[in-house]
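Pasting in a structure now, in structure tokens, and then I'll have a few things to ask.
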Amino acid sequence: MVKCSMCKHEMLFSQSCTVPYVKIGKKWYKRNTSYFDSSDLSPEEIKKELKELGDELFHCHDCGIENKEGNVHHFGCDVEKCPKCKDQFAFCKCKKEIFANKEGMEKEKRKLEKKDDK
């Protein structure tokens, strides 16, 4: 099984990546949770897809997360959009420096504040 390099969970069996923040340049961003495989389908198209695909529609074709608002794709997924440039996150040119959960992000911010105070 393949594990996410960020959250270390099995990619095809977890609901969401648990590392929702990324530092790009000097700014922290919440990773994009609004884009998922079926987001551009109309309600009629979703009903049709459900009949044909069933449960598969509700999981990302690439990383396996549950397709719903608020879930974060696993690192390297080709579906996730960059929170800064909106291109594919895995392949965009934005310099991704640090990935963190909320506590990790706050800790990194405090470190930077201490450096600035010196």
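Would you mention how many residues in segment 73-118 are touching a Gly at 6+ places or on another chain (Cβ under 8 Å) and without any contact (Cβ under 8 Å) to a residue 24 or more places away in the chain?
1
Let me confirm something: among Glu56, Glu103, which residue is more than 11 Å from the chain's Cα centre (by Cα) and modelled with pLDDT under 80?
Values: Glu103 fails: modelled with pLDDT under 80.
Going through Glu56, Glu103 in turn, the sole match is Glu56.
The values are calculated or read from the model by the stated rules, or taken from the named source; none is laboratory data. These figures come from a predicted structure and were not determined experimentally. Methodologically, a virtual Cβ is constructed for each residue, glycine included, from the backbone with ideal geometry; neighbour enumeration extends over all protein chains shown.
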